[in-house]
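Heads up: the structure comes next, in structure tokens.
Quick note: the coordinates plus some simple rules give every number you see, no bench work behind them. Since the structure is predicted, the reported quantities are computational estimates derived from the model, not experimental observations. Cβ placement follows ideal geometry from the backbone for every residue including glycine, while neighbour counts extend to all protein chains displayed.
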Amino acid sequence: MIRLEDVTLFVRSAALGSFSRAAREADILPGQVSAAVNRLERDLNKRLFARSTRSLRLTAEGEAWLPYAQEMLAILQAGAEQLQGGEDEMQGELRIAVPSDIGRNVVLPVITAFCEKHPKLSLRISLSDHVSNVFRDPVDVAIRYGVLENSSYVALPLAEDNRRVLAASPAYLEQHGRPQRLEDLLRHHCLLYSLNGHVYDKWSFPENGVRRQLTVSSRMLCDDADVARRWAVAGMGITYKSWIDVSADVLAGRLEILLPDRPGEAAPLNLICPHRKQFSPAIRELHRLLREQLKAITALMQTHPAFRYGEAALPQSRQRG
């Protein structure tokens, strides 16, 4: 019979990539974690980890069984919370991964107020542009830009009408001039960032039903998208970022929208989770609060005077982000 503690140690070992780390976290010996995984492999009659003296990785069978193990633990936790606190009381631990810029500057106040309202709920938040794997990483949900590539994920939309915009500070535009066409971007300082080792130096724009792509360059590069926005505010160049990320700067006059007659690439925002059953009452309530805030921000694109084109020109949210 499969033991719950063995499943727990398997999930944590997969997330941490080490029996020793999982043992330290559980305050037990590494040999006990190894024994637990051995029992689980015997019960399932499958090898879950490929082991060596220097590495530990999931086998194909381990990768396939991991989401079921996570779901098993989540359902048991939800049942325990239901018995302890009742249907309307939110408690337990909520682990969420959020992109750096929107996390620090947009959604953090909402998440903080949510935790203040529910004192029995503990929060573990990861602010990073690293794309979390919600099957492997120790998070319950992740807020992510773009169209969902993995059909096994479940997504709750937060801001499906969001898109990218070109923006620069008044000081930069006074010194370097304002681009009049997309081609003009090639002679400007374009502020770039990298995610997971990939430099986002190819800026795409919808044009007559197809994508027009420009390869831009810059002498400044960072691995934090929030830094690119801060550089733009400081007058260092032009940024091409989500409207949600730069809207406060635009409304305050720190940044100006460029080429407003050219709609930018769609950048829908979603709350993602491995399985629908893991959308607990706490996650659903947080989703509702975040969606209200983010939809209000994206609605400003329809009324802000910087945007001269009509609604029909806006890119569809189903386009790749």
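Nearest 0.05, what FRET efficiency do S126 and R284 give at R0 = 25 Å with Cβ-Cβ as r?
The calculated FRET efficiency here is 0.80.
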Worksheet entry | Qualifying lysines (Cα of each under 16 Å from Cα of K241; at least 8 residues distant if same chain) | K202
Worksheet item: Mind listing the phi-derived Karplus ³J(HN,Hα) values for the stretch 192-203, rounded to whole Hz, using 6.51, -1.76 and 1.60 with θ = phi - 60°, and x for any glycine or proline?
Response: 10, 9, 10, 10, 6, x, 9, 7, 8, 9, 10, 9
Discussion item. Can you compute 3J(HN,Hα) from phi for each residue in the stretch 108-116, using the Karplus curve 6.51 cos²θ - 1.76 cosθ + 1.60 with θ = phi - 60°, rounded to whole Hz and x for Gly and Pro?
Written reply: 4, x, 5, 5, 5, 5, 5, 5, 5
Fill in: Along principal axes, Cα extents of the stretch 213-273, largest first, whole Å
36, 26, 24
Practice prompt. Could you rank the peptides 198-210, 290-302, 239-251 by their average count of other C-beta atoms within 10 Å per residue, with the highest value first?
Written response: 239-251, 290-302, 198-210
Discussion item. For a quick check: with amide H placed at 1.01 Å from N, whose amide H comes under 5 Å from E160's, ignoring anything fewer than 5 positions away on the same chain?
Written reply: L269
Worksheet item: Taking the Cα-to-Cβ direction at D261 and at V199 and moving 7 Å from each Cα, how far apart do the two end points lie in nm?
Response: 3.3
Worksheet entry | Fraction in percent of alpha-carbon pairs per bin - 5 Å, the stretch 135-268 | 2, 10, 18, 22, 20, 13, 8, 4, 2, 0
Fill in: Residue-span extension gain [E63 to L29] - 0.36 nm each, minus C-alpha spacing
9.8 nm
Worksheet item: Computed from the mean reciprocal separation of all distinct C-alpha pairs, what Kirkwood hydrodynamic radius does the stretch 4-78 have, in Å?
Response: 12.3
